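Quick notes on the structure that follows.
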Amino acid sequence: MRGGASATLVRRRAVANDRGAILYVHGFADYFFQEHVAEHYTAQGYDFYAVDLRGYGRSLRDGELPNYTTDIAVYFEEIDAAIAVVREEHSRVVLMGHSTGGLTTSLWAHERRSDDLIDALVLNSPWLDVVEPPLMRQVVKLIGGLAPKVKIRANLGDAYGAAIHNSRNGEWDFDLKWKPLAGFPVLAGWIRAVLVAQEKVHKGLDVRVPVLVLHSDRSMLNAREWSEDVSKADAVLDVAGMRKWGPKLGTSVKVVEIKGGMHDLFLSPAPVRAAALAEVDEFLKTA
């Protein structure tokens, strides 16, 4: 489905749907390709939906600046549209967000907290904080406001990409035009949008449905190249921020550490991703 916000919604139906639906929102330099996750939940009776946000994956158009926004809230429009489609057929909806998608879905759930649109929120390594000191954050925010398309970083580095793609050291096949191994350039306006969104989280949100926050047991930031350790840690984000700020998302938040997890816990080695999915399964039994 193509919506007015130029997002793309994909769907996999359960053979026998009796548990409702899951809507998945990806992170930065990402799109939905985790078909094994869809298969896991359709086998349990959920219809599974995933949205590629504007400027990402299936929604990225020639000549368009990839993965760029100056306000995280612009994505609320396509989450609204996707939820509307899902709720045409389902009264029970679980929203699932990864990385920057975890930040976005948290803010969306807070803003829509009185609308009864979802029944639970599942966050896979949500981006709730940065490691840079306060002064550096303020400098970046200033640059982002004045010159939003200035490059803060040329890319994210390819250590994590090399750990997950099957052309290198991983087991997953994804489109390198939509998800390059080193990601896309990090622009000042975009990182400012993330910092502003994270500040809202730090003040405390009021998500009124049960929330599950999953994260690795450790981070390995600034890895210059792949190593075995990169495949056993979060090589993208600092898990300390997830531990600290996860409980601030709402009134019913469960934070769970996944030992040996990669940044996308569902792309981790088989035993680890099985443990992560099992935590979600258990959470959804009562959420």
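Numbers below:
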read-out: Per-peptide average of other Cβ atoms within 10 Å, ordering 65-78, 104-117 highest first; value: 104-117, 65-78
read-out: Rel. contact order, % - alpha carbon contacts under 8 angstrom, at least six apart, the chain; value: 17 percent
read-out: Accessible-area value, Asp206, 1.4 Å probe, nucleic acids and ligands omitted, Å²; value: 40 Å²
read-out: Calculated from backbone phi, Karplus (6.51, -1.76, 1.60) coupling profile of the stretch 153-164 in Hz, x at Gly/Pro; value: 9, 5, 6, 8, x, 9, 4, 5, x, 5, 7, 10
read-out: Kirkwood Rh and Cα Rg combined as Rg/Rh, the stretch 1-88; value: 0.99
read-out: Tensor-based shape of the stretch 121-249 (alpha-carbon gyration tensor, a/c under 1.5 rounded, otherwise prolate or oblate); value: oblate
read-out: Span from the the stretch 215-269 Cα centroid across to the the stretch 42-61 one, whole angstrom; value: 23 Å
read-out: Sequence-distant residues sharing a close amide H with Val25 (under 5 Å, placed H); value: Met96, Gly97, His98
read-out: Relative contact order (percent, whole number), the stretch 50-100, Cα cutoff 8 Å, 6+ residue spacing; value: 25 percent
read-out: Residues whose placed amide H lies under 5 Å from that of Val255, excluding near-sequence neighbours; value: Val213
read-out: Estimated translational D of the stretch 42-84 in µm²/s (Stokes, Kirkwood radius over Cα pairs; 20 °C; 1.002 mPa s); value: 178 µm²/s
read-out: Euclidean distance between Cα centres, the stretch 102-127 to the stretch 11-38, Å; value: 16 Å
read-out: Candidates Glu257, Glu171, Glu132, ranked by Gaussian network fluctuation over the chain, Cα under 10 Å, top entry; value: Glu132
read-out: Surface share of carbon and sulfur [accessible, 1.4 angstrom probe, percent] for the chain; value: 50 percent
read-out: Residues with amide H under 5 Å from that of Arg153, placed H, sequence gap 5 or more; value: Val186
read-out: Solvent exposure of the chain as accessible area per residue, Å², 1.4 Å probe; value: 43 Å²
read-out: P(r) histogram, all alpha-carbon pairs of the chain included - 5 Å bins from 0, percent; value: 1, 6, 13, 18, 20, 19, 14, 7, 2, 0, 0
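The values are calculated or read from the model by the stated rules, or taken from the named source; none is laboratory data. Computed from a predicted structure; not experimentally measured. For neighbour counting, all protein chains shown are included, and Cβ atoms are generated from backbone atoms with ideal geometry for every residue, glycine included. Note: areas computed on protein heavy atoms with side chains; ligands, DNA, RNA excluded. Shrake-Rupley method; radii C 1.70, N 1.55, O 1.52, S 1.80 Å.
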